[in-house]
1. Between PHE49 and ALA141, how many nm apart are label points set 7 Å from Cα along the C-beta direction?
2. List VAL165, VAL85, VAL79 from most exposed to least, where exposure is judged by having the fewest other Cβ atoms within 10 Å.
3. What is the calculated FRET efficiency for ALA160 to ASP83, with r their C-beta to C-beta distance and R₀ = 35 Å, to the nearest 0.05?
4. Given Cα pairs under 8 Å that are at least 6 residues apart, what percent is the relative contact order of region 24-184?
5. Once you compute Rg and the Kirkwood Rh from C-alpha atoms, what is the Rg to Rh ratio for region 24-184?
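Every number in this text was worked out from the coordinates using simple rules, so none of it is lab data. A quick note: this is a predicted structure, and the numbers were derived from the prediction, not measured. A quick note on method: Cβ atoms are made from the backbone with ideal geometry, for glycine too, and the neighbour counts reach across all protein chains shown.
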Amino acid sequence: MILRNALAVAMVFAGLGQAQATPVMYGDRASWEAAVGGSFAFESFESAFVAAPSIGFPSGVTVSVSAANVAANVSLFGVNPTDGVQAIQNSAGSANLTFTFAFASPINAFAIDILDFGDIQVPGELLAATNTGSLLDYLIASAPQANGNVIFFGFVDTLATFSSVRIRNTEGGGALGFDSLAFANVPTSPNVPEPSTLALLGLGLAGLGVCRRKREGIVCIRNRQHTPLRRVFVAACSVAPVLPRRH
Ligand SMILES: [Ca+2]
Ligand SMILES: [Ca+2]
C-alpha cells in the first residue's frame with residue numbers, strides 16, 4: 001500500500017516534469033538554424049513527383065495530406081516557393097485540411113515555411129501537433145491572412161524526439177502550401193532537469209508522509225499558502241487515495 005502510494009506520488013512528479021517540457025519556439029529561420037548549431041537536413045520539394053495522397057522525398061521526409069493529393073506547385077493561388085522553383089500544396093479547400101510530415105528516424109527540431117494560409121477571409125486556425133504530444137494543437141496563426149503570405153514555423157523539442165509533425169488548417173477553404181523544410185536531431189540540454197527515477201521515488205515517499213499527516217488532522221496543507229512545491233503535494237494527496245487497496 002505504502003509503495004503504491006509512493007509510486008503514485010512519484011508519477012505526479014513525473015507528470016509535472018513533462019508538463020514543463022514545452023518545445024522551444026523560434027520566430028525566424030536564422031534563430032532556429034543557430035539553435036540547432038547550423039547542422040540540419042533540408043527539403044525543398046524540388047524533385048519530380050506525381051500528385052498522390054502520400055509522397056516520399058529525397059531528404060527522408062514523407063508528406064501526406066488528408067484531402068485529395070499532395071501536389072507540386074509553381075506559384076498557384078499565391079502559393080509561391082520560398083526556395084527553388086517548386087513547393088508542395090493542396091488546394092482542395094476541405095475543412096481541417098491536414099498535412100503530416102513523417103521522418104524516417106526520430107528528430108527533435110523542425111522548421112518550415114507555410115504558404116498562403118487563411119486568405120479566404122473567414123475565421124480559422126493553423127494548428128500543429130507532434131506524434132508524441134509535446135505539441136498538441138499549438139496555435140501557429142489565425143485567419144484571415146493576406147493572399148500569398150509566408151509563415152515561418154520552427155521549434156526544438158528539448159526533452160524528447162518525435163517522428164512526425166501534423167499541421168492542420170481549420171479554416172475550411174483555400175489553398176495551403178509548404179516549402180523549405182529543415183529538420184535535425186540535435187543534442188539538447190533541458191531547461192528544467194528531470195529528477196531521476198530514484199529521486200522521484202524519494203520525493204514520493206516524502207509526499208506520502210505529508211499526506212498521512214494531513215489525514216490525521218495534524219497538518220492541513222490546503223490551509224497554507226500554496227507554493228509550487230506544496231501544490232504538487234496537494235495534487236499527490238488527491239491522487240493517492242483513489243488507488244485500489246489490497247485486503
Ligand atoms: Ca522549393
Ligand atoms: Ca491564395
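1. Result for the modelled spin labels: 2.2 nm.
2. Numbers: VAL165 23, VAL85 11, VAL79 26.
By the 10 Å Cβ count, ascending: VAL85, VAL165, VAL79.
3. 0.75
4. Values: 441 pairs, mean separation 50.7, N = 161.
Result for region 24-184 is 31 percent.
5. My calculation puts Rg/Rh at 0.93.
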